[in-house]
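Okay, structure first, notes after.
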Amino acid sequence: MNTIPVTQLADTPAVTCSTCAACCCQLEVMLITDTGVPKRFIDYDDWDSEVMLRLDDGWCAALDRNTMMCTIYENRPLICREFEMGADECITERQGMATMYR
């Protein structure tokens, strides 16, 4: 009798460009280096530090709401460059978003 091998699925699905929910785009992003972020996407926090502008819906102003992709990807802030898709911080934010809408 032939047996079918059992494949163990991951507890959390892999995060890819096509499954990214852009959860990190709701976090406050401080601009600590000059990467060329256009001025129209820059705001100031309570301490007068530069941060990425977020719109009334809480999402980053540079996020294209139709594609959920960054419109300034080549000039995105350093923090965004270091926030690795699928890393622990990413997974934590995704889990937080999933429970927020339940």
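Numerical summary
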quantity: Rg followed by Dmax, in Å, when region 26-100 is reduced to its Cα trace; calculated: 12.6, 35
quantity: Net lengthening on full extension, Ile91/Asn75 (0.36 nm per residue, minus Cα-Cα); calculated: 3.4 nm
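The numbers here are math on the coordinates, done by the rules we state, and not lab data. This one's a predicted model, so the numbers in the text were calculated from it and none came from an experiment.
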